[in-house]
């Protein structure tokens, strides 16, 4: 279980470190109009909050599924040991 969580965490760190490099491409110097508008209205914070809530929910779901799967694997191993003489 912990190896799986560590892999997911490392993947998340990698993606969050790489994406800002892509977004700051030197060829694309023009600022998007929508981002400036959303920032000026304060709605960008709503968008970021919603995205963070969705990501947190996905991670919680992933961790719960991993725990359930680990529990089922343990039960399966115990039942297999009981069947063997």
Anything in region 14-42 that is within 20 Å of residue 55 (Cα to Cα), surrounded by 10 or more Cβ atoms within 10 Å (Cβ to Cβ) and modelled with pLDDT of 70 or more? List them, or say none. 14
Applying the selection to region 66-85, what residues are surrounded by 11 or more Cβ atoms within 10 Å (Cβ to Cβ) and without any contact (Cβ under 8 Å) to a residue 60 or more places away in the chain? 69, 71, 73
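The values are calculated or read from the model by the stated rules, or taken from the named source; none is laboratory data. Note that the structure is a prediction, hence the values are computed from the model and not measured. So basically every Cβ, Gly included, is an ideal-geometry build from the backbone, and we count neighbours across all protein chains shown.
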